[in-house]
Amino acid sequence: MSTKWMGGMATAVALSVSFVAGPALAEYPERPVTFIVPWPPGDLEDQLTRVIAEEMTRETGVPAKVVNRPGGGGIEGATAVSQAGADGYTIGSFVIDVPTMHVIKQNAAYTRDTFEPIGIFLTYPFALVAPADAPYSNLAELAEYARSNPVRLGHYGYDLVPTMATFAAAQSLGFEFSADAAFDLLDCSTLRTGDVDVMNTTMATVLSCLDDVKVIAAYTDEPLSIKPDAQLLSDQVPGLGITLWNGLFVPAGTPQEIKDIIAAAAEKAVMSERAQDIAKATGAGVYWQGADEAAARIDADYEAAESLVKTVNKQ
């Protein structure tokens with residue numbers, strides 16, 4: 001056997017091994033990573049996703065950025081993630097409605113199996129709020145007032161869990177809103193301009209006018225730390241206990257090694273002093289719940305959302 005042939009064979013084998021091993025040994029990330037937040041800048045999911053992106057940059061040495069893609073109650077941004085490759089370079093920062101209510105209501109082109117959770121990191125201090133001088137302080141008083149006076153509701157979208165819960169509460173208490181409208185952002189200016197009388201939003205968006213705001217119902221499982229006297233929705237309307245969260249998602253099929261890198265950076269970020277300061281200032285729950293627990297939580301919330309839809313559809 002000639003030396004030339006042996007040398008050629010060795011080269012071929014080396015190239016073959018290189019070809020097979022190359023992708024497996026490639027480091028992630030090799031290029032910039034994008035986190036898509038399907039809401040305007042400023043709210044809790046946006047603030048915390050930016051903390052996570054900055055930690056990803058520090059941990060990997062590769063730039064990570066946040067892109068806001070608002071529209072359709074989260075659908076536009078979620079759709080963009082669904083159309084991305086399963087390679088970890090496009091990561092969604094999604095509210096509860098993306099893998100639950102929007103799928104149930106068939107509002108989007110993606111399905112229940114389109115995304116895989118990396119983990120959940122935020123519980124919103126969500127509430128139904130009104131101006132401090134509103135002539136009602138809880139849902140029972142709101143119901144009594146609304147039976148003879150117009151009350152306009154502002155929300156983030158018709159087919160979102162908190163909006164559906166608000167309609168279900170009104171139905172249970174025997175009243176209807178005179179009008180309602182969806183907004184991309186509900187903050188202090190929305191109440192000041194008189195565009196709505198009550199609105200579903202997070203307490204983070206009304207921090208600058210907290211003394212001028214009254215919480216009619218807290219959509220949480222524990223009292224709001226920044227408005228501890230506010231009554232829970234579940235206490236006022238039994239059976240409507242909901243908790244609103246936000247988490248990180250990637251297209252299904254993303255390699256586990258990549259998901260582990262994202263999860264490690266995210267967990268470190270949300271447990272940082274900066275992230276916990278955001279939690280203290282807003283009353284949010286900021287923590288890390290891994291993929292398996294997150295998946296189980298989503299399954300339970302999916303069933304709860306289906307039940308909520310059936311309740312509202314009985315109107």
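All of the numbers you see were taken from the coordinates with simple rules; none came from a lab. No experiment lies behind these values; they were computed from the predicted model shown. Cβ atoms come from the backbone with ideal geometry, glycine included; neighbour counts cover every protein chain shown.
Please report Rg over Rh for segment 167-315, where both radii come from the alpha carbon positions and Rh follows the Kirkwood definition.
We get a ratio of 1.00 for segment 167-315.
What are the ³J(HN,Hα) values, in whole Hz, obtained from phi via the Karplus relation 6.51 cos²θ - 1.76 cosθ + 1.60 with θ = phi - 60°, for each residue of segment 208-224 in sequence order, with x given for Gly and Pro?
6, 10, 4, 6, 9, 10, 10, 8, 7, 7, 9, 8, 9, 9, 9, x, 5
Count the net charge of all other residues whose Cβ sits under 15 Å from the Cβ of Gly92, scoring Lys and Arg as +1 and Asp and Glu as -1.
-2
Let me know the shape class of segment 126-236, please: from the alpha-carbon gyration tensor, a ≥ b ≥ c as square roots of the eigenvalues, rounded when a/c is under 1.5, otherwise prolate if a/b is greater than b/c, or oblate.
Rounded shape, in that the Cα axes give a/c under 1.5.
Given the options Gly88, Gly42, Gly247, which has the most mean-square fluctuation in a GNM of the chain, springs set between C-alpha atoms less than 10 angstrom apart?
Result: Gly42 has the largest fluctuation of those listed.
In straight Cα distance, which lysines are under 20 Å from Lys314, not counting same-chain residues fewer than 8 positions off?
Within the straight-line limit of under 20 Å, Lys314 reaches these lysines: Lys105.
Which of the three applies to segment 40-190, rounded, prolate or oblate, going by the alpha-carbon gyration tensor with a ≥ b ≥ c and a/c under 1.5 meaning rounded?
Judged from the Cα gyration tensor, segment 40-190 comes out prolate (a/c at least 1.5, a/b above b/c).
Using a Cα-Cα cut-off of under 27 Å, which lysines could be cross-linked to Lys280, ignoring same-chain neighbours fewer than 8 residues away?
By straight Cα distance, Lys280 reaches Lys65, Lys214, Lys227, Lys268.
Report the label-to-label distance for Ala264 and Leu185 in nanometres (one decimal), using points 7 Å from each Cα along the Cα→Cβ vector.
Placing both labels 7 Å beyond Cα along the Cβ direction yields 3.6 nm.
Springs between alpha-carbon atoms under 10 Å, Gaussian network over the chain: tell me which of Pro251, Pro150, Pro131 tops the mean-square fluctuations.
Greatest mean-square fluctuation among the candidates belongs to Pro150.
Percent relative contact order of segment 126-236, based on C-alpha pairs within less than 8 angstrom and at least six residues apart?
Taking the mean separation of contacting Cα pairs over the length of segment 126-236, I get 40 percent.
Once you have the Cα-Cα distance between Ala281 and Ala252, take 0.36 nm times their residue separation minus that, and quote the gain in nm to one decimal.
Result: 7.0 nm gained on full extension.
Using only Cα atoms and rounding to the nearest 10 degrees, what angle (0 to 90) does helix 291-313 make with the longest principal axis of the chain?
40 degrees
With a sphere of radius 13 Å drawn around the Cβ of Gly154, what net charge do the other residues whose Cβ falls strictly inside it have (Lys, Arg +1; Asp, Glu -1)?
Result for the local shell: -3.
At 0.36 nm per residue, minus the direct Cα-Cα distance, what do Ser307 and Leu207 gain on full extension? Give it in nm, one decimal, please.
32.7 nm is the gain from fully extending Ser307 to Leu207.
Between Asp133 and Glu273, how high is the FRET efficiency from 1/(1 + (r/R0)^6) when r is the Cβ-Cβ distance and R₀ = 25 Å? Nearest 0.05.
Between Asp133 and Glu273 the formula returns 0.10.
Could you please state, rounded to a whole Å, how far the C-alpha centre of segment 138-157 is from the C-alpha centre of segment 276-299?
30 Å
Given H placed 1.01 Å from N in the peptide plane, which residues other than close sequence neighbours of Ile216 have an amide H under 5 Å from its amide H?
Sorted by chain and number, the residues that satisfy this are Leu128, Val129, Ala130.
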